[in-house]
Amino acid sequence: MRAAFRAYDALYRALFRLRAVGPMLLVGRTRYRGAARDFPDGSRLEAGDALGTLHFDNARIAKLPGGKSTFARLLRASLEELAGRSAEDPMLRPIGVYRGVTWLRPHGRRYGFVAEPLPSGPARRYLQAHFRLLLRAFLP
């Protein structure tokens, strides 16, 4: 199972052209296809705008020593690097809003994160199963 999920993870990175940012994150870019949205920090997202996607780098996280404090410190370092690179990197420059899905409880409001629960339904059940498999594959 671990080998299959590691291969899937590598294919996923290539397919969505994810780039490593900092010690813990992978970043991709897509186009937003929803209704226009306004965020508390004044950001506005409209259909067709560049939308950043945040993904945890499962393979690197699995190799991390330490526990919760290490994870939090490295996540902050990754976000700081993303903020620094977003002004100079041509792929990141047009992105004003980033989206990610996580199994962690909502947090980060003071850093500009807006946490919304996933609606009930098949997509939520799929993601729950997916995250459980990821944890077993990368953090046995």
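The values are calculated or read from the model by the stated rules, or taken from the named source; none is laboratory data. Bear in mind the structure is a predicted one, so any value in this text is a computation, not a measurement. Positions of Cβ are generated from backbone atoms using ideal geometry, with glycine treated the same way; all protein chains shown enter the neighbour counts. The accessibility values were calculated without ligands, DNA or RNA, using every heavy atom of the protein model including side chains. Shrake-Rupley method; radii C 1.70, N 1.55, O 1.52, S 1.80 Å.
Return yes when Phe39 is open to solvent by less than 70 Å² (accessible area, probe 1.4 Å), over 25 Å from Arg132 (Cα atoms) and either free of Cβ contacts under 8 Å to residues at least 60 places away in the same chain or not hydroxyl-bearing (Ser, Thr, Tyr) (or both) and no when it is not.
Numbers: open to solvent by less than 70 Å² (accessible area, probe 1.4 Å): yes; over 25 Å from Arg132 (Cα atoms): yes; either free of Cβ contacts under 8 Å to residues at least 60 places away in the same chain or not hydroxyl-bearing (Ser, Thr, Tyr) (or both): yes.
Yes: the conditions hold for Phe39.
Within region 2-20, take every residue that is modelled with pLDDT of 90 or more, open to solvent by 100 Å² or more (accessible area, probe 1.4 Å) and not in a loop (DSSP other than H, G, I, E, B) and give me the one that is farthest from Ala83 (Cα to Cα).
Leu11
Scan region 42-57 for residues that are small (Gly, Ala, Ser) and in contact (Cβ under 8 Å) with a residue 40 or more places away in the chain and jot them down. It would help to see each step written out before you state the result.
Step one: filter region 42-57 for residues small (Gly, Ala, Ser), giving 42-43, 47-48, 50, 52.
Matches in region 42-57: Ser43, Ala50, Gly52.
Is one or more of the residues making up region 89-103 open to solvent by 40 Å² or more (accessible area, probe 1.4 Å), in a helix (DSSP H, G or I) and modelled with pLDDT of 85 or more?
No, because not a single residue in region 89-103 is open to solvent by 40 Å² or more (accessible area, probe 1.4 Å), in a helix (DSSP H, G or I) and modelled with pLDDT of 85 or more.
Restricting attention to region 42-58, which residues are open to solvent by less than 60 Å² (accessible area, probe 1.4 Å) and aliphatic (A, V, I, L, M)?
Leu45, Ala50, Leu51, Leu54
Based on this model, can you work out whether Leu135 counts as farther than 15 Å from Arg19 by Cα, surrounded by fewer than 15 Cβ atoms within 10 Å (Cβ to Cβ) and either touching a Ser or Thr at 6+ places or on another chain (Cβ under 6 Å) or at pLDDT below 75 (or both)?
So Leu135 fits the description; yes.
Within region 59-80, how many residues are outside any loop (DSSP other than H, G, I, E, B), over 23 Å from Arg44 (Cα atoms), open to solvent by 70 Å² or more (accessible area, probe 1.4 Å) and not polar (S, T, N, Q)?
Within region 59-80, residues that are outside any loop (DSSP other than H, G, I, E, B), over 23 Å from Arg44 (Cα atoms), open to solvent by 70 Å² or more (accessible area, probe 1.4 Å) and not polar (S, T, N, Q) number 4.
Checking Leu26 against (1) modelled with pLDDT of 80 or more; (2) part of a helix (DSSP H, G or I); (3) surrounded by 14 or more Cβ atoms within 10 Å (Cβ to Cβ), which test does it fail?
Checking Leu26 against (1) modelled with pLDDT of 80 or more; (2) part of a helix (DSSP H, G or I); (3) surrounded by 14 or more Cβ atoms within 10 Å (Cβ to Cβ), the one that fails is (2).
Under the condition of being touching a strand residue (DSSP E or B) at 6+ places or on another chain (Cβ under 9 Å) and basic (Lys, Arg), which residue from region 1-32 is nearest to Arg99 (Cα to Cα)?
Filtering region 1-32 for residues that are touching a strand residue (DSSP E or B) at 6+ places or on another chain (Cβ under 9 Å) and basic (Lys, Arg), the one nearest to Arg99 (Cα to Cα) comes out as Arg29.
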